[in-house]
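Reviewing the structure listed below.
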Amino acid sequence: MLEHLDQLQSSGLAELSAVASPDALEAWRLAYLAGSGKLKAAMGGFKDVPKDQKPAVGARMNQVKAALEAAFEEKKAAIAAGASAHAERLDVTEPGLVTSQGLGKPHIITRVIDELAEVFGRMGFEVAEGPELEDDEHNFIKLNIPAGHPARDPIDNFYVDDPRKTERPRMIRSQTSTVQIRVMEAAVKAGGGKLTKPIKIVSPGRVYRPDTVDATHSFMFHQIEGLYLDRGVSMIDLKTTLLQFARAYFGDDAEIRLRPSFFPFTEPSAELDMKIRLREDQPARWIELGGCGMVDPAVLQLCGIDPEEWTGFAFGFGIERIAMGRYGIPDIRLLFENDLRFLNQV
Ligand code: DAH
């Protein structure tokens, strides 16, 4: 009988340890602890145990019963805890919720700048950068805009130093043409005092003018400047480059025109217009993208470059205008308000 009880305990505990669900636990309870279970059946044999063995067998019987009951309670608690832990567990394979604010992306102006750098890069232009905090030497003097020129009026520029009291007043640049000067100065310096090789750069960046904000103006906007200096560069190269750019960026049917104009740093000078449809409900119109021309020999001289040996063209275009034309954006203010409803569309 003692042996039978030992066996009952060990088989009961072994089977219980394999139990992992509430249903299996209930089946085990019915098999061992319930009125019809094995423990009760074993107890039923107690009456046949010889009298002298009854105390030992009785004690053992109580032990086995206590052991099985305790193990059952323990298992029951473990299964309940496991169930609640399971309910809280994260399913990492579930697809996430995608909200409109899920992923950021570069601003449309940043993307257009990258695209322009790529298109001009295919034509051999490298990207050059210059500072936004400038001085009048780079923003005016070396661009052939001398003292007293109306373009230097404090009404039209953001001076940092008072131009009436400071000899070389600092300002935040009004045009990216400053970078032309810096690139030419650096090239002459690198050549030990003279230009030794061609220059072919574009320079995108911010410029600042105290303009009143409206649909096509802002006090801060972006320009992309271009400068190509080499031996024998002519107006034909300029026009070819601009047409190639327009077709590469706006499509094969892009239409451009050059209108004679004036800039102190180019001679001859022209304005570049492009036929652009800004609104679906309006016909395409000629929109001015910016200025261009052959670099004025005076500018080359001011930078220490021999205009007899080197000629070149330059251009400076408004990036917002390009972006508006390329992506059909009717109002420049949309580009700076940072309204997500707009930014998510472009
Ligand atoms: N800097 C001029 C402006 O902001 C644009 C410009 C015109 C740039 C002619 C040039 C150029 O490089 O050759 O209005």
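The values are calculated or read from the model by the stated rules, or taken from the named source; none is laboratory data. As the structure is a computational prediction, the values presented were derived from the model and not from experiment. For neighbour counting, all protein chains shown are included, and Cβ atoms are generated from backbone atoms with ideal geometry for every residue, glycine included.
Mind checking whether some residue in region 257-273 is more than 29 Å from HIS149 (Cα to Cα) and either in the same structural domain as PRO150 (by TED's automatic domain parsing) or in contact with a helix residue (DSSP H, G or I) (Cβ under 9 Å, 6 or more places away or on another chain) (or both)? Among the residues of region 257-273, not one is more than 29 Å from HIS149 (Cα to Cα) and either in the same structural domain as PRO150 (by TED's automatic domain parsing) or in contact with a helix residue (DSSP H, G or I) (Cβ under 9 Å, 6 or more places away or on another chain) (or both), which makes the answer no. On inspection, ALA77 fails the criterion of being of a type in the set (A, V, I, L, M) and modelled with pLDDT of 90 or more. Counting residues in region 143-157 that are in the same structural domain as GLY290 (by TED's automatic domain parsing), more than 21 Å from THR266 (Cα to Cα) and within 28 Å of the chain's Cα centre (by Cα) gives zero. When region 259-296 is filtered for residues that are more than 15 Å from the ligand (Cβ to nearest atom) and of a type in the set (Asp, Glu), the ones remaining, listed by number, are GLU280, ASP281.
Residue count for region 245-258 satisfying the condition of being more than 12 Å from the ligand (Cβ to nearest atom) and either assigned to a strand (DSSP E or B) or surrounded by 15 or more Cβ atoms within 10 Å (Cβ to Cβ) (or both): 9. Quick one: how many residues across region 169-199 are over 13 Å from VAL295 (Cβ atoms) and in a loop (DSSP other than H, G, I, E, B)? The total comes to 11. For region 160-190, the candidate set comprises residues that are more than 30 Å from THR311 (Cβ to Cβ) and among the β-branched types (Val, Ile, Thr); within that set, the residue that is surrounded by the most Cβ atoms within 10 Å (Cβ to Cβ) is ILE172. Tallying residues that are out of contact with any strand residue (DSSP E or B) (no Cβ under 6 Å at 6 or more places or on another chain) and outside any strand (DSSP E or B) within region 200-234 yields 14. The set of residues in region 139-184 being more than 14 Å from the ligand (Cβ to nearest atom) and of a type in the set (Val, Ile, Thr) consists of ILE141, ILE155, VAL160, THR166.
To keep it simple, each residue is scored yes or no on (1) in contact (Cβ under 8 Å) with a residue 24 or more places away in the chain; (2) closer than 26 Å to HIS107 by Cα.
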position	(1), (2)
PRO268	yes, no
GLU280	yes, yes
GLY304	yes, no
GLY312	yes, no
ARG321	yes, yes
GLY328	yes, yes
ARG333	yes, yes
GLU337	no, yes
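When the helices (runs of 4 or more DSSP H) confined to region 297-346 are screened for residues that are within 16 Å of the ligand (Cβ to nearest atom), of a type outside the set (S, T, N, Q) and surrounded by 15 or more Cβ atoms within 10 Å (Cβ to Cβ), those reaching at least 1 such residues are found at 297-302, 319-327.
If you take the residues of region 105-124 that are in contact with a strand residue (DSSP E or B) (Cβ under 8 Å, 6 or more places away or on another chain) and surrounded by 12 or more Cβ atoms within 10 Å (Cβ to Cβ), which of them is farthest from ILE319 (Cα to Cα)? Once the filter is applied, the top-ranked residue is GLY121.
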